[in-house]
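Okay, so here's the structure we're looking at.
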């Protein structure tokens with residue numbers, strides 16, 4: 001497949017690119033600073049930004065799926081980056097007839113269904129601290145769910161740079177332990193699966209331990 005990855009400089013995004021290339025996919029990265037991306041076989045880079053619709057539209061041309069792992073540099077001052085960025089990605093996918101969109105959101109957006117008491121308390125506490133980010137992500141999720149794309153929203157808990165475990169669980173309202181961090185590499189592996197797994201289309205997948 002030809003995959004467009006947005007947010008490749010982050011923990012999940014950089015690992016996602018590595019895993020996609022290892023699986024022999026063609027990968028295009030949209031980056032504000034293309035010079036920071038090291039080019040290898042089957043990897044190309046295009047300058048662009050989620051706030052710039054024309055650049056996303058150009059990058060999405062000919063792609064089989066768009067995978068988004070972007071986020072604000074400051075979680076406590078997110079502005080409207082997530083909601084506006086996602087709105088632009090959805091518009092670009094529609095224009096270029098790209099049906100599959102996989103979006104890394106966060107467990108902070110859950111209403112607590114399926115979670116244990118301590119997980120619900122942890123989510124509530126973090127959501128209160130980063131309420132602006134949670135609100136903007138929820139708007140982004142609503143935009144995705146209202147679209148006609150074959151979307152999948154992935155909601156991990158806290159993330160770490162630990163090696164992949166392959167032992168995570170996922171599902172709609174899955175009983176995730178929100179207090180236990182999940183490696184970026186596990187999220188990346190699941191998102192790559194989402195790019196081709198039709199059984200997950202139009203679902204919100206909680207992922208974790």
Pair list, Cβ < 7 Å and 6+ apart or interchain, from the range 64-75 residues that are farther than 19 Å from residue 33 by Cβ to residues that are part of a loop (DSSP other than H, G, I, E, B): 64/1; 65/1; 65/98; 65/195; 66/98; 67/195; 75/130
Some residue of the range 138-145 being loosely packed, with under 14 Cβ neighbours inside 10 Å and modelled with pLDDT of 95 or more: yes
Answer from 22, 31, 65 - the residue that is surrounded by fewer than 24 Cβ atoms within 10 Å (Cβ to Cβ) and under 27 Å from residue 206 (Cβ atoms): 22
Among (1) more than 19 Å from residue 184 (Cβ to Cβ); (2) at pLDDT 95 or above; (3) out of contact with any strand residue (DSSP E or B) (no Cβ under 9 Å at 6 or more places or on another chain) - the single one residue 76 does not satisfy: (2)
Positions within the range 16-44 being in contact with a helix residue (DSSP H, G or I) (Cβ under 9 Å, 6 or more places away or on another chain) and either assigned to a strand (DSSP E or B) or farther than 20 Å from residue 159 by Cβ (or both), in sequence order: 23, 25, 26, 27, 28, 29, 30, 37, 40, 41, 42, 43
From 67, 51, residue being in contact with a strand residue (DSSP E or B) (Cβ under 9 Å, 6 or more places away or on another chain) and either outside any helix (DSSP H, G or I) or at pLDDT 95 or above (or both): 67
Filtered residues of the range 87-114 (kept if within 21 Å of residue 170 (Cβ to Cβ), in contact with a helix residue (DSSP H, G or I) (Cβ under 7 Å, 6 or more places away or on another chain) and either in contact (Cβ under 8 Å) with a residue 24 or more places away in the chain or not in a loop (DSSP other than H, G, I, E, B) (or both)): 101, 102, 103, 104, 105, 106, 107, 108, 109, 110
Residue satisfying condition, being within 26 Å of residue 22 (Cβ to Cβ) and surrounded by fewer than 23 Cβ atoms within 10 Å (Cβ to Cβ), within set 157, 163: 163
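Can residue 13 be described as under 24 Å from residue 198 (Cβ atoms) and assigned to a loop (DSSP other than H, G, I, E, B)?
So residue 13 does not fit the description; no.
The values are calculated or read from the model by the stated rules, or taken from the named source; none is laboratory data. Since this is a predicted model, take the numbers as computed values, not measurements. Positions of Cβ are generated from backbone atoms using ideal geometry, with glycine treated the same way; all protein chains shown enter the neighbour counts.
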